[in-house]
Amino acid sequence: MTGKTNEDSTIGAMFGADQAETFMGLPPAGTHTIPKGTGAAILGVPSATPYPWVGAYCAKGPRAIRDAMGGYAANLEHPDLDHGEPMLGFTGFSAVDCGDLDTNPDDPTAARAAIRAATRGILNAGAVPLILGGDDSVPIPVLAAYTGREPITILQIDAHIDWRDSVRGESFGLSSTMRRASEMEHIAGIVQVGQRAIGSAQTGDVLDARRWGVNFVSARTIHEMGIAPVVEAIEPGSNIFISLDVDAFDPSVVPAVIGRAPGGLTYWQVVEMIEQVAARGTIAGFAMVELMPERDLDGIGALVAARTLCNVIAAIRRQAERAI
């Protein structure tokens, strides 16, 4: 008796999909050749400004997220029961995958410039940028690309607050993301959600963030009160940039991070937070960072990240439908 080997026993083999190079087999595009009318564009950014003593430890994150849903490329038009209908709906809403940006971790200045330019290309095409990192320094140049556009409220979902001015002389690294964002004129507000345990922040950093006007909603508060305090902290009608560091999830949900800490958020808390915030305002951009595939367990973390991205795309599609 013969049969398939374990290597052949995959979702893709079951449903008739080859492993897709793009996210769920979405059409490929360049950041400056996005078709007119595209609603959202995925861009992988393996690194921006990695700390030299750690390196670009999340560089394989974008590929892992794509691979986690690659076997479902034949199912793109199937109902997604997280939100009740296909991810792209039935309205002609479209999304593309622009692949990974070629950034050199040894030249962070050039990397930041390339990230800003690529993000501007997506924005100029009228699409919502969906950025897959890479470490948490990636959102700094992404947010800088919104200069000259309408004011933005940042919703940061993260175990850490990222308000260090510099770490060992580096001001654009992953511990400084929200402080650098706070210095941008187009940032109207910052809501930081999910913080817990010990991170790089010092006492003065927390005080500086509060003085700036950050609204903090800790992981413990969310477990006690639900996501209502987060939603209420977003001004109705805001343009919202969601910065999701996957260590916001509990490590039982996403083990693929460098700094695991108990007490994190669940998948549904994050998904419902994104959906309710999207209903309150407009998602102007999304970045998901810090997935470290080398620390994953059987791809579970990458799958949670990929499924979260599916729900973000669906939320953006619904806001596009409301605007019709």
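The values are calculated or read from the model by the stated rules, or taken from the named source; none is laboratory data. Just so we're clear, the structure is a prediction, and the values are computed from it rather than from any experiment. Reconstructed Cβ throughout: ideal geometry from the backbone, glycine too, with neighbour counts over all protein chains shown.
Side notes on the structure shown:
- Tabulated pairs, segment 195-206, first in contact (Cβ under 8 Å) with a residue 24 or more places away in the chain, second surrounded by fewer than 19 Cβ atoms within 10 Å (Cβ to Cβ) and not aliphatic (A, V, I, L, M), C-beta under 6 angstrom, 6+ apart or interchain: Gln195/Ser218; Arg196/Gly263
- Looking only at segment 241-264, residues that are in contact with a helix residue (DSSP H, G or I) (Cβ under 6 Å, 6 or more places away or on another chain), hydrophobic (A, V, I, L, M, F, W, C) and either in a loop (DSSP other than H, G, I, E, B) or surrounded by fewer than 24 Cβ atoms within 10 Å (Cβ to Cβ) (or both) come to 4 in all.
- Residue in segment 197-214 that is surrounded by 13 or more Cβ atoms within 10 Å (Cβ to Cβ), under 24 Å from Ile131 (Cα atoms), of a type outside the set (Val, Ile, Thr) and in contact with an Asp or Glu (Cβ under 7 Å, 6 or more places away or on another chain) present: no
- Here Gly237 meets the list (1) within 26 Å of Leu88 (Cβ to Cβ); (2) out of contact with any strand residue (DSSP E or B) (no Cβ under 9 Å at 6 or more places or on another chain); (3) in a loop (DSSP other than H, G, I, E, B) almost entirely, failing just condition (2).
- In segment 113-127, the residues that are surrounded by fewer than 24 Cβ atoms within 10 Å (Cβ to Cβ), of a type in the set (A, V, I, L, M) and outside any helix (DSSP H, G or I): Ala125
- Leading residue by the ranking (surrounded by the fewest Cβ atoms within 10 Å (Cβ to Cβ)) among those in segment 40-80 that are out of contact with any Cys (no Cβ under 8 Å at 6 or more places or on another chain), of a type in the set (Ser, Thr, Tyr) and over 23 Å from Ile313 (Cβ atoms): Tyr51
- The one condition from (1) more than 27 Å from Ala127 (Cβ to Cβ); (2) among the aliphatic types (A, V, I, L, M); (3) surrounded by 22 or more Cβ atoms within 10 Å (Cβ to Cβ) that Met273 does not meet is (1).
- Residue match in segment 17-33 (condition: modelled with pLDDT under 95, loosely packed, with under 12 Cβ neighbours inside 10 Å and out of contact with any Pro (no Cβ under 8 Å at 6 or more places or on another chain)): no
- Boolean, Gly148 is over 13 Å from Phe241 (Cβ atoms), modelled with pLDDT under 95 and out of contact with any Pro (no Cβ under 6 Å at 6 or more places or on another chain): no
- Segment 283-310 - residue that is in contact (Cβ under 8 Å) with a residue 40 or more places away in the chain, farther than 30 Å from Pro151 by Cα and not hydrophobic (A, V, I, L, M, F, W, C) and, of those, surrounded by the fewest Cβ atoms within 10 Å (Cβ to Cβ): Glu294
- The set of residues in segment 268-301 being in a helix (DSSP H, G or I) and more than 27 Å from Phe90 (Cα to Cα) consists of Pro293, Glu294, Arg295, Ile300, Gly301.
- Restricting attention to segment 138-188, the residues that are in a loop (DSSP other than H, G, I, E, B), buried (at least 17 other Cβ atoms within 10 Å of the Cβ) and among the charged types (D, E, K, R) total 3.
- Looking across segment 126-174, the residues that are touching a residue at least 40 places away in the same chain (Cβ under 8 Å), of a type in the set (Ser, Thr, Tyr) and over 15 Å from Ala56 (Cβ atoms) come down to Tyr146, Thr153.
- Taking segment 81-106 as the range and being buried (at least 21 other Cβ atoms within 10 Å of the Cβ) and under 19 Å from Thr31 (Cβ atoms) as the test, the residues that pass are Ala95, Val96, Asp97, Cys98, Leu101, Thr103.
To keep it simple, each residue is scored yes or no on (1) on the phi > 0 side of the Ramachandran plot; (2) of a type in the set (D, E, K, R); (3) within 18 Å of the chain's Cα centre (by Cα).
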position: Asp135; (1), (2), (3): no, yes, yes
position: Val138; (1), (2), (3): no, no, yes
position: Thr147; (1), (2), (3): no, no, no
position: Ala159; (1), (2), (3): no, no, yes
position: Glu170; (1), (2), (3): no, yes, no
position: Glu185; (1), (2), (3): no, yes, no
position: Gly204; (1), (2), (3): no, no, no
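- Of all the criteria given as (1) buried (at least 22 other Cβ atoms within 10 Å of the Cβ); (2) closer than 20 Å to Gly259 by Cβ; (3) of a type in the set (A, V, I, L, M, F, W, C), the one not satisfied by Ile313 is (2).
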